[in-house]
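Take a look at the structure below.
The values are calculated or read from the model by the stated rules, or taken from the named source; none is laboratory data. Only a predicted model underlies this, so the values are computations on that prediction, with no experimental measurement involved. Cβ placement follows ideal geometry from the backbone for every residue including glycine, while neighbour counts extend to all protein chains displayed.
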């Protein structure tokens, strides 16, 4: 167990240091912060609503994450395979689960830090009127879980391919499907050729559906279980693909 | 003892390595030679636990690599082909990363790191980004990574590739210095390296072991004692022989 945590910490710290020294990580964080605030004001009508609440800010997170989380995770494994450093990692006496978890947690930490940088907006709105602090905190929690779920999908895509671009495209496609399945337009399209119960099940498996409760400030056990299940599935697939690299040519 | 028994690996229907078996005892430095594509790297990767064999077993000091992978990998230092490194790190942070991932304590790490840096002569570049290092330094940083934790078994895939003659000399001296009590397996194209460093030569061609003897006995198969002539005779394909 000690060996697991030693290796987990070593890889986790290395990944965070790599992000810290990578200018792209700063561009990525700045893009999210500016885009999320801009969308909240320009498209969500944060001021026009006349209420001190941040629903207009959080409602765009799923769509921003669909693009940004695959971008954040695409390098994680594909770059290791491309440069050959995966061989160094696989030669360490380290469980695959520790490698997978460490890389995921480092990316998730960066995503949570990125969300943390938007809290001045929360403080600013609080100065304008009484904000439901509990609901906002819940929405932030939901947003963190949502980011984790998208990242897990991105990690699996990154482990599946040596090409960063291909990893990004796969993750983008999978994330978009997992999000758009909850839109009425998509549900009605599915309903045209799928049985109603199946259409309803697909819609209920959407990221949007799971996130909607958090947006309103409601913590639902079902939604937490959903996000954790998506993360577990993504990380299990990542582990399988990483282990699979021991079975064939690089 | 490093023990390979019937190691076989097939790639997309083509045989990469076929029933490779040999044993290496502590104190032996074995040169693993063969033409390009003979199966050297495939064999070394199966020993290092980064490529699973289709058949056969590898035992490292009694630990089976594929049923107790982590236990066996803890006993090995592995220098992969092309010496891959993290360009965004410095040699110091790279070695610290490898040692901490291997479970070395915060107290042990500086001592192990400076010992490895001294042995591979990279002390003067310890705090420079790997990205800006010459090919020779990069190779030595990777070598330092393989031996930093003082493993009893060293698996080195072309350790002196890309080094200038002086650096090769230093690396060969280092391998000789490390050899007492250790198992060292070196894959190389350079037959002079085998003569200078190795106590034993294993020749692999088309995925099969073709010779396993001392470099002197190997060279003695040619009237003039030319080791490259023997290598040519044992590995040449009919189409190559015609040219």
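Which of the residues spanning the range B:99-122 are touching a residue at least 40 places away in the same chain (Cβ under 8 Å), farther than 18 Å from residue B:132 by Cβ and more than 7 Å from chain A (Cβ to nearest Cβ)?
B:99, B:104, B:119, listed by residue number.
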| note | Filter the range A:241-250 for residues that are part of a helix (DSSP H, G or I) and touching a helix residue (DSSP H, G or I) at 6+ places or on another chain (Cβ under 8 Å); the one that is surrounded by the most Cβ atoms within 10 Å (Cβ to Cβ) is A:242
| field | Residues located in the range B:11-47, provided they are surrounded by fewer than 15 Cβ atoms within 10 Å (Cβ to Cβ), modelled with pLDDT under 95 and on the phi < 0 side of the Ramachandran plot | value | B:11, B:14, B:36
| note | the range A:127-225: helices (runs of 4 or more DSSP H) wholly inside it with 3 or more residues that are over 20 Å from the mean Cα position of the chain (by Cα) are A:133-160, A:184-193, A:196-204
| query | For the range A:1-110, which helices (runs of 4 or more DSSP H) that fit wholly inside it have 3 or more residues that are within 14 Å of chain B (Cβ to nearest Cβ)? | reply | A:2-20, A:23-42, A:75-83, A:85-90
| Residue count, the range A:1-17 (criterion: buried (at least 18 other Cβ atoms within 10 Å of the Cβ) and either under 11 Å from residue A:114 (Cβ atoms) or modelled with pLDDT under 90 (or both)) | 1
| more than 12 Å from chain A (Cβ to nearest Cβ) and either at pLDDT below 95 or in contact with a strand residue (DSSP E or B) (Cβ under 7 Å, 6 or more places away or on another chain) (or both), is that true of residue B:128? | no
| field | Failed criterion for residue A:133 (all others in (1) surrounded by fewer than 16 Cβ atoms within 10 Å (Cβ to Cβ); (2) touching a residue at least 60 places away in the same chain (Cβ under 8 Å) hold) | value | (2)
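Looking at this structure, is residue A:232 within 19 Å of the chain's Cα centre (by Cα) and loosely packed, with under 14 Cβ neighbours inside 10 Å?
Working: within 19 Å of the chain's Cα centre (by Cα): yes; loosely packed, with under 14 Cβ neighbours inside 10 Å: yes.
When the stated conditions are applied, residue A:232 passes them.
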| query | Just a yes or no: is a residue in the range B:21-33 in contact with a strand residue (DSSP E or B) (Cβ under 7 Å, 6 or more places away or on another chain), within 14 Å of chain A (Cβ to nearest Cβ) and either over 22 Å from residue A:11 (Cβ atoms) or without any contact (Cβ under 8 Å) to a residue 12 or more places away in the chain (or both)? | reply | no
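Looking at B:145, B:181, which one is surrounded by fewer than 18 Cβ atoms within 10 Å (Cβ to Cβ) and in contact (Cβ under 8 Å) with a residue 40 or more places away in the chain?
Details: B:145 fails: surrounded by fewer than 18 Cβ atoms within 10 Å (Cβ to Cβ).
Of B:145, B:181, the one residue that is surrounded by fewer than 18 Cβ atoms within 10 Å (Cβ to Cβ) and in contact (Cβ under 8 Å) with a residue 40 or more places away in the chain is B:181.
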| request: Please find, among A:216, A:222, A:246, the residue that is over 20 Å from residue A:78 (Cα atoms) and touching a residue at least 24 places away in the same chain (Cβ under 8 Å). | output: A:216
| remark: Filter the range B:61-80 for residues that are at the interface with chain A (Cβ under 7 Å from one of its Cβ atoms) and part of a loop (DSSP other than H, G, I, E, B); the one that is surrounded by the fewest Cβ atoms within 10 Å (Cβ to Cβ) is B:74
| message | Could you tell me how many of the residues in the range B:87-106 are under 17 Å from residue A:84 (Cα atoms) and surrounded by fewer than 19 Cβ atoms within 10 Å (Cβ to Cβ)? | response | 2
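Per-residue answers, yes or no, for (1) surrounded by fewer than 18 Cβ atoms within 10 Å (Cβ to Cβ); (2) over 25 Å from residue B:23 (Cβ atoms):
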position	(1), (2)
B:108	yes, yes
B:130	no, yes
B:141	no, yes
B:171	no, yes
B:186	no, no
B:215	no, no
